Amino acid sequence: MKNFSDLLKSEAKTLGFEKVGIARAEETPREKSDLNKWIKNDGHASMEWLKKRKEERGDIHTYFPEAKSVISVGLNYYVGENQNDINSEYKFSNYAWGEDYHDLIKEKLYQLLAWIKNYHPSVKGLACVDTAPVMEKVWAQRAGLGWIGKHTNLITPDHGSWLFLGEIILDIDLKPDPFFSEDLCGTCTACLDSCPTNALTEYRIEAEKCISYKTIEHRGDFSEKEENLHGWIYGCDICQDVCPWNKKFSKETDLKEFLPKDEIINWSNKDWENISDESFKRIFKGSSVKRTKLIGLKRNISQNKKSLKRNLK
Ligand code: B12
Ligand code: SF4
Ligand code: SF4
């Protein structure tokens, strides 16, 4: 007969999560110390929100004192297309091609939490996706979903790394899964070798140099006038595109919400260069691209336009 943890995992799969695992909400002293070192060395660049809640990020009980278990889930967003299928030279990272994953995952996590409450009516639970002060990759590894690769993303052995992560933290004990202790990167260094800005050293990222940071999180103009964003106007996929685990194990999602918007596939360079406030609002309503606002997207487009011109000279 299935125990409660197994029933819960079946329910999570029914809700569409490809991966689900459970970890004990234990202390994470090594990760806490690594996080603090990273912040001390300015690895976080201008992301002050990371620094502000570092105590909670490094210690789950500072965030949620009653925490006993962490259910970690992974949702596949790989749609089977790639940057070559896009008409323009301006590239959006595939995680932002469709609807905002935060909303979609939160909705599924709330359904899972409601299901749990049928069995444990007085349970206290928190649903987290991205924005909560929780080290999601660390918990996913502890819950057995996969390992943290040299590009710093979580890789699963059966779907690669094109998975969003989310969690439900509970104040009850559940049967935990074994920690994913293998590092299946081996001697590969494809991500480190391909990163055009040298933002990566093994298992570590310097956000300031990362195109994803520059195009999404950085505010204001770029200090370097000749800043090369290598064609990316929102996010960057290079280190994951080259990863052999993605080449071999990516599977197409059946979630139509992640399919690229027509404009992302069909718009030309000119269309993006002339994007209006009205089009921005229409195209990116319910999309994570809203984060940069029109002003940020335009900055990224014009920076790439300058690089394209320089290359043509
Ligand atoms: C801040 C952040 C960013 C920052 C910093 C990236 C990073 N690696 O942390 C920026 C803006 C650059 C970013 C970019 C992206 N992000 Co992001 N991001 C986050 C966020 C909000 C926090 C991550 C965090 O805590 N970073 C802090 C640092 C310290 O953590 P870390 O990289 O894991 O660092 C560890 C190592 O540095 C290590 N370490 C430190 N020192 C040392 C020394 C040695 C010797 C060793 C071995 C290790 C080591 O210890 C640290 C702690 O474990 C998470 C959501 C969340 N709440 O967790 C999403 C998240 C990590 N991002 C995600 C995604 C999808 C992306 C992008 C792919 C988006 C895109 N296509 O543009 C890129 C990927 C870039 C990359 N190569 O990582 C997903 C990743 C899913 C997955 N499968 O792993 C997450 C989990 C969001 C989600 N809910 O799905 N992101
Ligand atoms: S997302 Fe792009 S810039 Fe950032 S580490 Fe990966 S390859 Fe480098
Ligand atoms: S490209 Fe190679 S080194 Fe980088 S994460 Fe993938 S397997 Fe690991």
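Only the coordinates and a few stated rules stand behind these numbers; no lab work does. Since we're looking at a predicted model, the values are computed, not measured. When we count neighbours, we look across all protein chains shown, and the Cβ atoms used for this are built from the backbone with ideal geometry, even at glycine.
With the contact rule set at Cα under 8 Å and sequence spacing of 6 or more, what percent relative contact order holds for region 190-312? Mind showing how you got there, number by number?
Values: 91 pairs, mean separation 41.1, N = 123.
Once divided by the residue count of region 190-312, the mean separation gives 33 percent.
Which of the helices in the chain, when you take each full DSSP H run, stretch at least 30 Å along the axis at their Cα atoms and have an average Kyte-Doolittle score of 0.5 or higher?
none
For Tyr90, Tyr119, what's the fewest-to-most ordering of other Cβ within 10 Å of each Cβ?
Least to most surrounded, the residues fall as Tyr119, Tyr90.
Subtracting the Cα-Cα distance from 0.36 nm times the residue separation, let me have the gained length for Lys285 to Arg219 in nm, one decimal.
Separation in residues times 0.36 nm, less the Cα-Cα distance, equals 21.7 nm.
Rounded to whole Å, give me the distance from the Cα center of region 52-121 to that of region 243-313.
21
Please state the shape class of region 190-312: rounded when a/c is under 1.5, otherwise prolate if a/b exceeds b/c and oblate if not, all from the C-alpha gyration tensor.
Numbers: a/c = 1.75, a/b = 1.12, b/c = 1.57.
Verdict is oblate for region 190-312.
Fewest first, what order do Cys188, Cys239, Cys128 take by the number of other Cβ atoms within 10 Å?
Neighbour counts put them in this order, fewest first: Cys188, Cys128, Cys239.
Go through the chain and flag any cysteine with no other cysteine's C-beta closer than 4.7 Å, please.
Cys with no partner Cβ under 4.7 Å: Cys128, Cys185, Cys188, Cys195, Cys210, Cys236, Cys243.
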